[in-house]
1. Looking at (1) within 9 Å of another protein chain (Cβ to nearest Cβ); (2) under 38 Å from the mean Cα position of the chain (by Cα), which one does A:Val28 not meet, given that it meets all the others?
2. Return a yes/no flag: does region B:93-106 have any residue that is touching a Gly at 6+ places or on another chain (Cβ under 8 Å) and more than 9 Å from chain A (Cβ to nearest Cβ).
3. When you go through A:Asp468, A:Asp504, A:Asp450, A:Asp406 one by one, which is the residue that is over 31 Å from the mean Cα position of the chain (by Cα) and either modelled with pLDDT of 90 or more or small (Gly, Ala, Ser) (or both)?
4. Have a look at A:Ala155, A:Ala117 and point out the one that is within 24 Å of A:Ile316 (Cα to Cα), aliphatic (A, V, I, L, M) and surrounded by fewer than 22 Cβ atoms within 10 Å (Cβ to Cβ).
5. For region B:8-18, give me the residue count where each residue is of a type in the set (S, T, N, Q) and either exposed (fewer than 12 other Cβ atoms within 10 Å of the Cβ) or in a loop (DSSP other than H, G, I, E, B) (or both).
6. Condition (residue is of a type in the set (A, V, I, L, M) and part of a strand (DSSP E or B)) applied to region A:11-19: is it met by at least one residue?
7. Residues that are in contact (Cβ under 8 Å) with a residue 60 or more places away in the chain, aromatic (Phe, Trp, Tyr) and out of contact with any Leu (no Cβ under 7 Å at 6 or more places or on another chain): find the helices (runs of 4 or more DSSP H) completely inside region A:288-356 holding 1 or more of those.
8. Identify all residues within region A:37-49 that are more than 8 Å from chain B (Cβ to nearest Cβ) and loosely packed, with under 14 Cβ neighbours inside 10 Å; write none if there are none.
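The values are calculated or read from the model by the stated rules, or taken from the named source; none is laboratory data. Because the structure is a prediction, the values reported are computed rather than measured. A quick note on method: Cβ atoms are made from the backbone with ideal geometry, for glycine too, and the neighbour counts reach across all protein chains shown.
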Amino acid sequence: MSNTKDFIVEELKKQISGFQAEAKIETVGKVISVGDGIARISGLSDCMMSEMVEFKTAKSSVFGVVLNLEEDSVGVVILGSFEDVKEGDEVLTTKRILEVPVGKEVVGRVLNPLGEALDGQGELGCDKFYPIEKIAPGVIARKSVNQPVQTGIKAIDSMIPIGRGQRELIIGDRQIGKTAIAVDTIINQKGQNMKCIYVAIGQKKSKIANIVGRLKEAGAMEYTTVVLAGASDPASLTYIAPYAGCAMAEYFLDKGEDVLIVYDDLSKHAVAYREISLLLRRPPGREAYPGDVFYLHSRLLERACKLSPEFGGGSITALPIIETQAGDVSAYIPTNVISITDGQIYLEPDLFNQGQRPAVNAGLSVSRVGSAAQTKAMKKVAGKMRLEAAQFRELAAFAQFGSDLDEETKRKLERGKRIMEIFKQGQYAPVSVAKQVVVFYGLINGMLDDVPVEKISEFESGLHFYADTNSESLLNLIVEKNELNDDIEAGIKELFKDYKNTLDYIKK
Amino acid sequence: MRIKPKQYVLALVSSLRGKNDKDAKILIANFCRLLADGNLLYLSGKIIEEFKRQWDRSEGLVNADVFSAQELDTGTLKNIEAYIAGKLKAKKVEIKKNVNPDLLGGVILKFEDKVFDGSVAASLKALKAEMKK
């Protein structure tokens, strides 16, 4: 016992004698004014842009980030509660650009934009930090997309395919299922070798609790990180949230992994930035947004990329979300983000109200690069279907005028109705690629023409079940071969025939 | 283009350089008339503040605060003066002495926007933080 005591005393002595308190010159400023999360500080002659500064308040210390460097003052946004910051408080520079902890420890966690845990599971314990702002990879490091992101949503995987490294905007009014698409996509990444980061920007915390619960239920939290800047958090945290999420994604990118990042949503991000800019007295422009609101989003989304194999071959796929007001896609922020991204998924209230869910408008939605990443099998069936869906949209409007239609038109209308019916899909019910290929193949080859329209969804779910139990090898073969050869086509035809024989509502 | 108080001050400082008291009086009167003509007398508070700073700078004068646990002897003060003068390349350092027994020992120097904390209290605090780890 005495041995251990001596040992501890010796160790203490050693530690204390080895301790060298280094006194160094520090740069200190004084708070001139503070309000609404913004502080103006005098002094700090050698501080840097977007450097972290530490406010020494009476109770504790809180960090801020430098956004304005002026002749005789510095504009700082306070990251956290600013109630304790008073005029005359001391502010220290830290010589560190704003950074967040990164590493595989963040997976499965709910964090705030500064990388502090919000899920009550203890500290992260990351030893690596990445700056939240980073210049995106250059031309040499990049490669065009060549691998698909399977969203598990039939309407999207077939008509608006997304590739790894793409930036695909999800745009639509409130309460129309934008988040649902993003969450379904995250759920469907299970076993696809993909890390997911969900960045909630200015969202209700109840909604996030719900989403996290859903993700846990689906086993998706094993590869997902949630970065949360809630509606009650100050604008400064909302502003840095997507950049922090992207920094965490870049850690995996640098390791050569694939990452999917969802920014939900960038309209609120722009609003938070507008608030900060106006408080910093930057001049307002259109819709009172500051002049650099385009750069705000372009520098963020440009960080999504597919790297060439020499640079690790990783990718960051970005799914930004924009909320429109009454379907107005020509507002300032929506047009900006549409022009930055590689395509958009446009969700329409009319379709939503007609019961077409997900309410994807196939005409206004595009994917500018995704088709290069589609698997061969899917490309073959989806190409024809996209054409038929487009013909149906054209005819449907026209057919309302007359009842006298020729056979060909009638056939196209019937086919179109079935396509629309197939695109309907429940939430949290992603469909695997192989099953999608089977259904689409049947559809374009007229194997669903004898199924009544109102029975389509019943027929489809039955088909999935039947395929799972009876022809698992066929599904595996489709995934493995990645294309439609004669054997597979014959297999699908066989599957449909056998399945139809079990149904009594189909005329034989 | 609006002229800032600082620019007025810089002009005033450079024109006052090397003038005797009598000339300076006339110059200052003219300066005040200029401000009055431009309806700029509301800036006078700011201008006076800024003038003190700019004049000190042009004279190479630095104000420093020294905090210590006990009254410092002249030798130490001389050393501190030389240290600050060397740091800022100043000609003259004006030191304001403060005594604060809470520091336990050592000194804290404050000059311009820099702080040098060499007090025993700060070292103990750092040691405490280190031990907690």
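1. All conditions pass for A:Val28, except number (2).
2. no
3. Numbers: A:Asp468 fails: over 31 Å from the mean Cα position of the chain (by Cα); A:Asp504 fails: either modelled with pLDDT of 90 or more or small (Gly, Ala, Ser) (or both); A:Asp406 fails: either modelled with pLDDT of 90 or more or small (Gly, Ala, Ser) (or both).
Criteria check complete, one pass: A:Asp450.
4. Working: A:Ala155 fails: surrounded by fewer than 22 Cβ atoms within 10 Å (Cβ to Cβ).
None of the others qualify; the one that does is A:Ala117.
5. Initial filter on region B:8-18 (of a type in the set (S, T, N, Q)): B:14-15.
Add one more test, that the residue is either exposed (fewer than 12 other Cβ atoms within 10 Å of the Cβ) or in a loop (DSSP other than H, G, I, E, B) (or both), and what stays is B:14.
Result for region B:8-18: 1.
6. If we filter region A:11-19 for residues that are of a type in the set (A, V, I, L, M), which is where we start, we get A:12, A:16.
Subset that is part of a strand (DSSP E or B): none.
Within region A:11-19, none of the residues are of a type in the set (A, V, I, L, M) and part of a strand (DSSP E or B).
7. Numbers: elements: A:293-301, A:332-340, A:349-353.
So the answer is A:349-353.
8. A:Asp46, A:Met49 - these are the residues of region A:37-49 that are more than 8 Å from chain B (Cβ to nearest Cβ) and loosely packed, with under 14 Cβ neighbours inside 10 Å.
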